[in-house]
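Have a look at the structure below, then the notes.
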Amino acid sequence: MHDFVGADDPPTVSARLAEHLNDGPVIHAPGFSRYYALVPPGTAEFWRARAAECLAEGTYLGVPRADRVELNGRTRASYWSVPMARPSSLCTAADVLALVMAGDCLAHEDES
C-alpha cells in the first residue's frame with residue numbers, strides 16, 4: 001500500500017486512499033500492518049487477485065468506533081483511515097482491484 005501511495009505517514013496514506021477509492025471506507029489495523037477496504041457483500045466469491053486477500057463471509061473483522069479516525073500511537077488500535085460516510089457507501093471491487101494491482105506492480109518494480 002505504501003508503495004502505491006508513495007508515503008508512509010498515516011495522514012498522507014489516508015488522503016490518497018480516499019482519493020483512489022472515491023471516499024470508500026477503509027479500516028487500518030496498524031498492529032497487523034493491514035488496510036481493509038470495505039466492499040459489497042459477496043465480493044469474495046469473485047475475487048481473483050493474488051496480491052490481496054478478500055475476506056469471505058463468516059470472517060470476523062473488528063470495526064473501530066465511528067469516532068476513531070486517527071492512529072493512536074500508544075495502543076496501535078484499529079481506526080478509520082477513510083471514515084464511512086454512510087452505511088451504504090462502500091468501496092467498489094474494481095477500485096480496490098486497481099489499487100491493489102498498481103501497488104503490487106510498484107512493489108515488484110522495487111525488488112528488481
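Read-outs throughout are calculated quantities, based only on the coordinates presented, and are distinct from any laboratory measurement. These numbers come from a predicted model, not from an experiment. Here the Cβ is made from the backbone with ideal geometry for all residues, glycine too, and neighbour counts use every protein chain on show.
Points worth noting:
- For the pair SER88 and ALA51, a Förster radius of 25 Å applied to the C-beta separation gives a FRET efficiency near 0.35, rounded to the nearest 0.05.
- Stokes-Einstein D (µm²/s) once Rh is taken as the Kirkwood radius of the chain over alpha-carbon pairs, at 10 °C in 1.306 mPa s: 109
- Counted charge near SER78, where neighbours are those whose Cβ lies closer than 15 Å (Asp, Glu -1; Lys, Arg +1): +3
- Percent RCO, i.e. relative contact order, over the chain, from Cα pairs under 8 Å lying at least 6 residues apart: 37
- Summary: within the chain, the longest segment free of chymotrypsin sites (Phe, Trp or Tyr not before Pro) located in DSSP loops with at most 12 other C-beta atoms within 10 Å is 61-112.
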